Each structure stands twice: as C-alpha cells, then as structure tokens.
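Asks: Structure provided below as structure tokens; questions to follow.
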C-alpha cells in the first residue's frame with residue numbers, strides 16, 4: 001500500500017446541540033460534514049490565510065501556545081512565504097531563459 005492513498009477516519013466528540021447546529025448550517029450551505037471538514041483541513045494544510053488567522057486568534061484566546069511560541073510560528077510562516085515567493089520568481093526567470101535559448105527569434 002502506498003502512503004497517502006489509505007483512507008483514515010478522523011473522529012472527535014462534541015455535544016448533541018452543536019452537532020445539530022452544525023448539520024443545520026451545513027444543510028443551509030449545501031455541504032456535507034465530510035466535505036466541510038476536508039475543506040477546512042485542506043485550507044489549514046495549504047496555509048490559507050483566513051484559516052491560519054482564525055487558528056492564531058483561537059490559540060491566543062484560549063492560550064494554546066505561549067506568546068513566544070506563537071511569535072516563533074508566525075516568524076517561521078512568514079519566512080516560508082518569502083522563500084516561496086523567491087523561488088517562484090527564480091522559476092519564472094528560468095522558464096523565460098529557456099524559452100529565449102530555444103527560440104532566439106522571439
């Protein structure tokens with residue numbers, strides 16, 4: 001079996017009231033529970049800015065990390081975004097260089 005191909009169940013508990021409220025809101029938005037949670041997980045893993053901001057506010061509000069740890073995570077994320085932007089620029093320049101070499105008449 002290949003890693004990343006096996007389905008895993010993600011399970012957690014909440015109150016019956018919150019479950020009912022969730023089902024009602026999801027019905028209103030035309031989404032199922034699985035789709036909703038997959039969308040959130042995808043956004044979190046892809047570091048969607050809105051989801052990351054929400055998680056940061058949540059961590060501050062409920063004291064899930066020390067301020068020092070939160071600052072370190074924020075700094076690391078910012079550095080990663082800068083690196084990603086830098087690599088993207090370099091890749092674009094490389095693509096144009098390759099096109100120029102292959103098609104000098106352009």
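Asks: Checking residue 12 against (1) in a loop (DSSP other than H, G, I, E, B); (2) modelled with pLDDT under 90, only one condition comes out false. Which one?
Replies: Result: residue 12 fails condition (2) only.
Asks: Hey, does region 36-44 have a residue that's loosely packed, with under 10 Cβ neighbours inside 10 Å and on the phi < 0 side of the Ramachandran plot? It would help to see each step written out before you state the result.
Replies: Of region 36-44, the ones loosely packed, with under 10 Cβ neighbours inside 10 Å are none.
No - not one qualifying residue is present in region 36-44.
Asks: Which pairs do you get when a residue that is in contact (Cβ under 8 Å) with a residue 60 or more places away in the chain, found in region 45-63, comes within reach of a residue that is assigned to a loop (DSSP other than H, G, I, E, B) and surrounded by 14 or more Cβ atoms within 10 Å (Cβ to Cβ), reach meaning Cβ atoms under 8 angstrom, with the pair 6+ apart or on two chains?
Replies: From region 45-63, no pairs qualify.
Asks: Moving on. Return a yes/no flag: does region 68-86 have any residue that is out of contact with any helix residue (DSSP H, G or I) (no Cβ under 7 Å at 6 or more places or on another chain), more than 30 Å from residue 39 (Cβ to Cβ) and modelled with pLDDT of 70 or more.
Replies: Yes.
Asks: Do we have any residue at all in region 8-19 that's surrounded by 11 or more Cβ atoms within 10 Å (Cβ to Cβ) and without any contact (Cβ under 8 Å) to a residue 24 or more places away in the chain? Even if it seems obvious, please write down each step before you answer.
Replies: First, the residues of region 8-19 that are surrounded by 11 or more Cβ atoms within 10 Å (Cβ to Cβ): 19.
Now drop any that are not without any contact (Cβ under 8 Å) to a residue 24 or more places away in the chain, which leaves 19.
Yes, there is a match, as at least one residue in region 8-19 is surrounded by 11 or more Cβ atoms within 10 Å (Cβ to Cβ) and without any contact (Cβ under 8 Å) to a residue 24 or more places away in the chain.
Asks: Does region 27-51 hold any residues that are under 20 Å from residue 78 (Cα atoms) and in contact with a helix residue (DSSP H, G or I) (Cβ under 6 Å, 6 or more places away or on another chain), and which are they?
Replies: Residues satisfying the conditions are 43, 44, 51.
The values are calculated or read from the model by the stated rules, or taken from the named source; none is laboratory data. As the structure is a prediction and not an experimental result, all values here were calculated from the model. Ideal geometry is used to build each Cβ from the backbone, glycine not excepted, and the neighbour counts take in all protein chains shown.
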